[in-house]
Amino acid sequence: MKLITAISTALCLILLLSTAVAAQGSVYLSYVDGYDGMGLMANTTVTFHISLSNQTGEAVTGLAHGFQLISPNGATWSQPTGEWSPALQPVCDLVFSVAQFGDTIGFGCVTLFNPGLPDGFDQEAMRISTRIDMSSMGKTVCLDTAFFPPGGVWMWSTSSGSYSPGWDGPHCYEVTNFTWLCADIDNNGTIADIADLSYLVDFMFHGGPPPLFPFAPDVNGDGTVDITDLTYLVEYMFLGGPLPICF
Ligand SMILES: [Ca+2]
Ligand SMILES: [Ca+2]
């Protein structure tokens with residue numbers, strides 16, 4: 001009888017331990033728009049797609065997550081923006097918020113009538129977008145967690161308690177690539193306007209700085225930058241000439 005009792009006790013302990021181990025969830029980075037296989041592209045929109053995986057064994061009825069963009073060596077970027085995935089819209093029927101303070105983004109979700117994020121849920125839930133400055137080439141940008149006010153927590157709530165789900169970050173990337181636009185000679189994101197024309201004239205005739213991307217002023221696409229490009233640009237801007245066609 002003692003042996004049976006001992007075996008029963010051991011089985012109960014194993015079951016309890018198994019339940020404790022299985023009762024967890026995770027937050028992970030699915031993929032990044034603007035990652036070219038080597039690094040993050042500067043001067044283009046970069047979007048981090050973040051997923052939730054619920055293995056708590058029950059529905060999650062409240063979520064609070066904060067993220068931050070950081071750089072160990074001075075990379076800079078535009079004000080990041082956050083948004084929930086549309087999949088969460090019907091789930092978060094009481095609180096469905098995104099708060100932004102500088103480089104920190106907070107996501108909040110609380111259910112009232114909805115049963116919550118079901119056990120087994122595993123898909124994209126949050127997105128964070130920014131535009132990394134061209135001056136950050138060769139530097140590092142990281143996405144990591146933040147303990148975000150006012151809750152100050154990183155947690156999920158269920159009917160039986162709270163969890164701090166795992167996070168597979170921080171995720172760090174070198175800024176290794178870039179994009180440029182034909183006729184965006186001053187590299188400000190808009191093409192063929194007065195500022196671009198002025199930049200080209202200054203460069204060609206007044207000792208102004210060279211364009212950051214040497215082929216952006218080759219608007220007639222012949223492989224060189226010269227007076228014919230200036231003429232081509234003026235005709236496009238003011239005389240209905242053909243579109244810039246950088247090679
Ligand atoms: Ca421009
Ligand atoms: Ca040319």
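The values are calculated or read from the model by the stated rules, or taken from the named source; none is laboratory data. Because the structure is a prediction, the values reported are computed rather than measured. Note that each Cβ is placed from the backbone with ideal geometry, even for glycine, and that neighbours are counted across all protein chains shown.
A few remarks follow.
- Candidates are the residues of the range 231-245 that are surrounded by fewer than 20 Cβ atoms within 10 Å (Cβ to Cβ) and either in the same structural domain as Met134 (by TED's automatic domain parsing) or within 11 Å of ligand 2 (Cβ to nearest atom) (or both); the one that is farthest from Ala195 (Cα to Cα) is Ile245.
- Residues in the range 186-218 that are more than 12 Å from ligand 1 (Cβ to nearest atom) and within 12 Å of Pro244 (Cβ to Cβ) were compared, and the one that is farthest from the chain's Cα centre (by Cα) is Asp218.
- Of everything listed in (1) surrounded by fewer than 17 Cβ atoms within 10 Å (Cβ to Cβ); (2) at pLDDT 90 or above, the single unmet condition for Ala59 is (1).
- For the range 112-147, filtered to residues that are of a type in the set (S, T, N, Q) and more than 23 Å from Val98 (Cβ to Cβ), the residue that is surrounded by the fewest Cβ atoms within 10 Å (Cβ to Cβ) is Ser135.
- Within the option set Ser51, Ser78, being touching an Asp or Glu at 6+ places or on another chain (Cβ under 6 Å), at pLDDT 90 or above, surrounded by 10 or more Cβ atoms within 10 Å (Cβ to Cβ) and under 22 Å from Ile105 (Cβ atoms) holds for one residue only, Ser51.
- For Thr228: the one exception among (1) part of a helix (DSSP H, G or I); (2) loosely packed, with under 15 Cβ neighbours inside 10 Å; (3) within 10 Å of ligand 1 (Cβ to nearest atom): (3)
- Take the conditions (1) surrounded by fewer than 17 Cβ atoms within 10 Å (Cβ to Cβ); (2) within 16 Å of ligand 2 (Cβ to nearest atom); Cys172 misses just one of them, which is (2).
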